[in-house]
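Q: Quick one: the structure is below, questions incoming.
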Amino acid sequence: MWSGPRNLSTAMMYSFGARSDFHVMDEPFYGAFLARTGIDHPMRTEILAVHENNPAQVAESFATELAGRPHLYMKHMAHHMLDGFPLGWAEGCVNVHLIRHPARVIASYAAKREHPTLTDIGFEQQARIHATLGGLIVDSADIRADPERMLRLLCDRIGIAFDASMLNWPAGPRAADGVWAAHWYGAVHRSTRFAGPEGALPELTGEHADLLDQAMPHYRSMWDRRLT
């Protein structure tokens, strides 16, 4: 499952993780991304200390995580996949791309980290990964509008049976959460299901409005091909 930040991605991971036949992984390339870029993210020191920093070893771990399990759900941030990071492992996977309107992503991201850039929010990288790997596209707004309908449709297209346990999960953190959950996952830890439809789009100004203009063509190109 590919997405950018602030995009229902953790709720989707909890949804699939609520199934008895799925094991989940939370942003396994995050440590390697921080180590390679040197970028200053919240909890950088803790992430580098706890999570694998070598992208090749991250990719090698997927076979171990899947061994003996029916399904492995991997939550990936598109912007974590830097040039030179291995991507061949994904060619044998079912690839799904989760998108959200950039105005909502930018407003939510900016509340957690100042001065976001196009690189930070991942739209360009996600469009590039989709062009490379293909796969299904799902808009978070469609999921929030009718979770059961969209999850049934997604499961059908993936080739697995829908499981009603995907619609609810217990509140609180998960053992599979990345260490960064303490900074980013407050709202989803309080949740027990998908939230309902969102209201009007936030009005962005200044640098955030400029960022919206940069992101919209990438979002629109994927939105036009989304699962409906």
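Q: Do we find a residue being aliphatic (A, V, I, L, M), assigned to a loop (DSSP other than H, G, I, E, B), modelled with pLDDT under 95 and open to solvent by 40 Å² or more (accessible area, probe 1.4 Å) anywhere in region 72-95?
A: No, region 72-95 contains no residue that is aliphatic (A, V, I, L, M), assigned to a loop (DSSP other than H, G, I, E, B), modelled with pLDDT under 95 and open to solvent by 40 Å² or more (accessible area, probe 1.4 Å).
Q: Restricting region 57-116 to residues that are of a type in the set (Gly, Ala, Ser) and under 14 Å from His208 (Cβ atoms), which is nearest to the chain's Cα centre (by Cα)?
A: From region 57-116, those of a type in the set (Gly, Ala, Ser) are 59, 61, 63, 67-68, 78, 84, 88, 90, 92, 103, 107-108, 110-111; that's our starting set.
Within this subset, residues satisfying the condition of being under 14 Å from His208 (Cβ atoms) are 103, 107-108, 110-111.
On the way: Ala103: 17, Ala107: 17, Ser108: 14, Ala110: 17, Ala111: 18 Å.
For region 57-116, the residue satisfying everything is Ser108.
Q: Got at least one residue in region 173-182 being surrounded by fewer than 20 Cβ atoms within 10 Å (Cβ to Cβ), within 20 Å of Pro28 (Cα to Cα) and β-branched (Val, Ile, Thr)?
A: The answer is yes; a qualifying residue exists.
Q: Let me ask something else. Kindly indicate whether any position in region 146-164 is open to solvent by 50 Å² or more (accessible area, probe 1.4 Å) and over 17 Å from Phe16 (Cα atoms).
A: Taking every residue of region 146-164 in turn, none turns out to be open to solvent by 50 Å² or more (accessible area, probe 1.4 Å) and over 17 Å from Phe16 (Cα atoms).
Q: Restricted to region 1-57, and to residues that are among the hydroxyl-bearing types (Ser, Thr, Tyr) and surrounded by fewer than 21 Cβ atoms within 10 Å (Cβ to Cβ), which residue is farthest from Gly172 (Cα to Cα)?
A: Thr37
Q: Still on this structure: Hey, any hits in region 50-71 for a residue that's under 25 Å from Ile99 (Cα atoms), basic (Lys, Arg) and touching a strand residue (DSSP E or B) at 6+ places or on another chain (Cβ under 9 Å)?
A: no
Q: Anything in region 96-108 that is among the aliphatic types (A, V, I, L, M) and part of a helix (DSSP H, G or I)? List them, or say none.
A: Hits for region 96-108 are Ala103, Val105, Ile106, Ala107.
Q: So Pro116 ticks every box in (1) modelled with pLDDT of 95 or more; (2) under 20 Å from Pro5 (Cα atoms); (3) crowded, with 18+ Cβ neighbours inside 10 Å but one. Which box is left unticked?
A: Exception for Pro116: condition (1).
Q: To continue, here is another question. Name the single residue, out of those in region 7-35 being under 21 Å from His115 (Cβ atoms) and at pLDDT 95 or above, that is farthest from the chain's Cα centre (by Cα).
A: Among those residues, the one meeting the criterion is Leu34.
The values are calculated or read from the model by the stated rules, or taken from the named source; none is laboratory data. This is a predicted model, so every value here is computed, not measured. Neighbour counts run over all protein chains shown; Cβ positions are idealised from the backbone, glycine included. Side chains included, ligands, DNA and RNA excluded: accessible areas come from the protein's heavy atoms. Shrake-Rupley method; radii C 1.70, N 1.55, O 1.52, S 1.80 Å.
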